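Right, one structure below, let's go through it.
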């Protein structure tokens, strides 16, 4: 199974913020969308980085209440780990585990953004696949007799 299958099910909509958006705005965006990370994009839609809940917590720990007005560009992760729609789910899970990250932008061969997957998306797909396989095996055993 590949990342493309996950995007087919969840869609390709990605919540984004601008590089000058403040931490308070980003936190509100995360809360309202019930997500754990947003991509930071420029006016042309190019991905500049990612801001996660973890980044916000670290920023508050380092800067206290001043963190609320800091722009995304100062706390975003710039060196992104990415996958393509053809990346295998197991491979993406391995990257997330090794790098201790929970979100991966999905980038097409032409560099355009195809979507964003979370570790929750990947685990859900793995569980759904395991349940489906168990049902298939059960059906096979029941009808093979």
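The values are calculated or read from the model by the stated rules, or taken from the named source; none is laboratory data. Everything quoted here is computed from the prediction, not taken from an experiment. Glycine gets a Cβ as well: all are built from the backbone with ideal geometry, and neighbour counts include every protein chain shown.
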Test residue 64 against the criterion of being at pLDDT below 95, out of contact with any helix residue (DSSP H, G or I) (no Cβ under 7 Å at 6 or more places or on another chain) and surrounded by fewer than 18 Cβ atoms within 10 Å (Cβ to Cβ), and give yes or no. no
Somewhere in the stretch 41-49, is a residue in contact with a strand residue (DSSP E or B) (Cβ under 8 Å, 6 or more places away or on another chain), under 19 Å from residue 120 (Cα atoms) and either modelled with pLDDT under 95 or surrounded by fewer than 16 Cβ atoms within 10 Å (Cβ to Cβ) (or both)?
no
Here the residues within the stretch 9-20 that are part of a loop (DSSP other than H, G, I, E, B), surrounded by 15 or more Cβ atoms within 10 Å (Cβ to Cβ) and at pLDDT below 95 are none
Is the stretch 21-29 home to any residue that is closer than 19 Å to residue 92 by Cβ, modelled with pLDDT of 95 or more and buried (at least 20 other Cβ atoms within 10 Å of the Cβ)? no
Filter the stretch 102-125 for residues that are assigned to a loop (DSSP other than H, G, I, E, B) and touching a strand residue (DSSP E or B) at 6+ places or on another chain (Cβ under 8 Å); the one that is surrounded by the most Cβ atoms within 10 Å (Cβ to Cβ) is 102
Restricted to the stretch 48-90 and to residues being under 29 Å from residue 128 (Cβ atoms) and in a helix (DSSP H, G or I), the residue farthest from the chain's Cα centre (by Cα) is 90
Over the stretch 30-40, the set of residues in contact (Cβ under 8 Å) with a residue 12 or more places away in the chain and either under 22 Å from residue 108 (Cβ atoms) or surrounded by fewer than 17 Cβ atoms within 10 Å (Cβ to Cβ) (or both) is 33, 35, 36, 37, 38, 39, 40
Picked from the stretch 76-92 (must be closer than 12 Å to residue 48 by Cβ and in contact with a strand residue (DSSP E or B) (Cβ under 7 Å, 6 or more places away or on another chain)), the residue surrounded by the fewest Cβ atoms within 10 Å (Cβ to Cβ) is 78
